[in-house]
Amino acid sequence: MTYCVGLALKDGLVLLSDTRTNAGVDNISIFSKMHVFKIPGERYLALLTAGNLAVGQAVVNMLHEGIKTNERVETLYTVSSPFRAAQLAGEAVRRLFHTEGDALKAQGVPFDVSILLAGEIKGRGMRMFQIYSAGNFIEATPDTPFLQIGEHKYGKPILDRVVQYDTDLMDGVKLVLVSMDSTLRSNLTVGMPIDLLVYRRGALAPDVKRRITEDDRYFQTVRERWGEALRDAYRAIPYPDWSTGS
């Protein structure tokens, strides 16, 4: 399992993914789940995957090498818009299910993949999509400015309470790191290091692209400050007036 989260904010994108792949307690590996497709000055697209690692990697490779549609071959380097990029990613998922789904089922392995696709193509705007195992997808909106895939339940409450479309990008960084820390503490199938991408709308290049390890001083500060803040907050809440401690 993995955890990936994306914020589509007024000023840009904040994307975060872990790197743990767990095939049993004695078979844990590190694989990046964040993949970038870029042409300087023309497009910058990031694709994050969760679910079956082999399926996710196959989809990424198909989007690099190309998919034949309507007598032409398309890749994420050639699509005309972010929406078309999401359509192509969905098509890759469906084609892979057609070729691999039965073989996986015969081995008792579910066809499990989910994708966050976010970025910008010059003149076509910045968008973020979540693509499901059936190849269909939804889009982040100002009303729902964040999307999650993988082991998302532990990191969702803080985002539900705080994230808004006009949240500052650097506040967004703090929030996704808190969301990831909550997940790391509650689920052993999600693990360090984590990959962070911050993209400012219109830049066609990242503001920040960073791998965060256990000894990263800022991430340690986030962990410590958030833990202290939670302890202070619950202590400050008064006892109920019907309790024996009131």
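The values are calculated or read from the model by the stated rules, or taken from the named source; none is laboratory data. Because the structure is a prediction, the values reported are computed rather than measured. Neighbour counts run over all protein chains shown; Cβ positions are idealised from the backbone, glycine included.
Brief remarks follow.
- Any pair with Cβ under 7 angstrom, 6 or more apart, that starts in the range 214-228 at a residue that is among the aliphatic types (A, V, I, L, M) and ends at one that is in a helix (DSSP H, G or I): V222/K174; V222/L177; V222/V178; V222/D181
- Remark: K174 falls outside the filter, which requires a residue to be under 14 Å from the mean Cα position of the chain (by Cα) and within 24 Å of R225 (Cα to Cα).
- Test: residue in the range 80-91 that is among the acidic types (D, E), surrounded by 15 or more Cβ atoms within 10 Å (Cβ to Cβ) and closer than 19 Å to F129 by Cβ: yes
For (1) farther than 23 Å from G119 by Cα; (2) surrounded by 19 or more Cβ atoms within 10 Å (Cβ to Cβ); (3) modelled with pLDDT under 95, each residue gets a yes or a no:
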residue	(1), (2), (3)
V163	no, yes, no
V176	no, yes, no
S182	yes, yes, no
R185	yes, no, yes
R201	no, no, no
D207	no, no, no
E214	yes, no, yes
A229	yes, no, no
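- One residue from A54, A86, A92 being within 19 Å of H35 (Cα to Cα) and modelled with pLDDT under 95: A54
- When the range 146-172 is filtered for residues that are in contact (Cβ under 8 Å) with a residue 40 or more places away in the chain, farther than 24 Å from N187 by Cα and not aliphatic (A, V, I, L, M), the ones remaining, listed by number, are Y165, D166, T167, D168.
- The lone exception for L7 - which of (1) at pLDDT 95 or above; (2) crowded, with 22+ Cβ neighbours inside 10 Å; (3) farther than 17 Å from R200 by Cα it fails: (3)
- Of the residues making up the range 105-145, just one is touching a residue at least 40 places away in the same chain (Cβ under 8 Å), of a type in the set (G, A, S), over 23 Å from M1 (Cα atoms) and surrounded by fewer than 13 Cβ atoms within 10 Å (Cβ to Cβ), namely G125.
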